[in-house]
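No value in this document is a laboratory result; all are computed from the given coordinates. The structure presented is a predicted model; accordingly, all values stated were derived computationally and were not measured. Neighbour counts are summed over all protein chains in view; Cβ atoms, including those assigned to glycine, are modelled from backbone coordinates with ideal geometry.
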């Protein structure tokens, strides 16, 4: 526990360390609590909120990952959109050669951002329904790790392409589960969750149709629309998380 608190800046520890330690001693830490603490430390190190604000420990651990996870979701969604745009360029004008390194970079950033968002948002939702949240986190998180590994390695070994594609399907299917749980739990905007779910389903159906038809234009359009809706959903849920964090900070500990 002391090692976790040491992740925070010295000024933060001096001001809030003892109270945070006392809070953490009240109950055992679960995996999502560790995510909260880590993202909270990252938030503090990057000075995303100043020391003059009410400390997170005064409100419990629940909201510690909101701001960082929200920003990560916005970044992840934006870079997924950039990735789909590069893929579209390849399909339409055959511009893959020069864009391959850029696509690898955008996939990596999108994967890291979405994984951080999944962890942070799930840490908050786990307060409401822990079991369902675990299910909705593990599948897309595993898929996104495979996507990153596959896309980074496919330039050297062809087998990694299959790993990346498997990861992409698992990530999309898992994201549909995450969207469903998010919609039911109702912690974050249901409209954003619906977009993630609809985009994931359309994306999977479109990709399956493309593979089965040899690349019909209608299938490509379905897949593209699904990917755009999917990316938009992540951006919107990120914006919602950041807004909720600001609302919590504005209303203060009592209201939270």
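Spin-label pair residue 108-residue 134: with each label point 7 Å from Cα along the Cα-Cβ axis, the two points sit 3.3 nm from one another. When the Cα atoms of segment 66-245 are aligned to their principal axes, the ranges along those axes come out at 46, 30, 26 Å in descending order. Take the Cα of residue 159, step 7 Å toward its Cβ, do the same at residue 6, and the gap between the two points is 4.0 nm. With contacts taken as Cα pairs under 8 Å at a separation of at least 6 residues, segment 66-245 carries a relative contact order of 28 percent.
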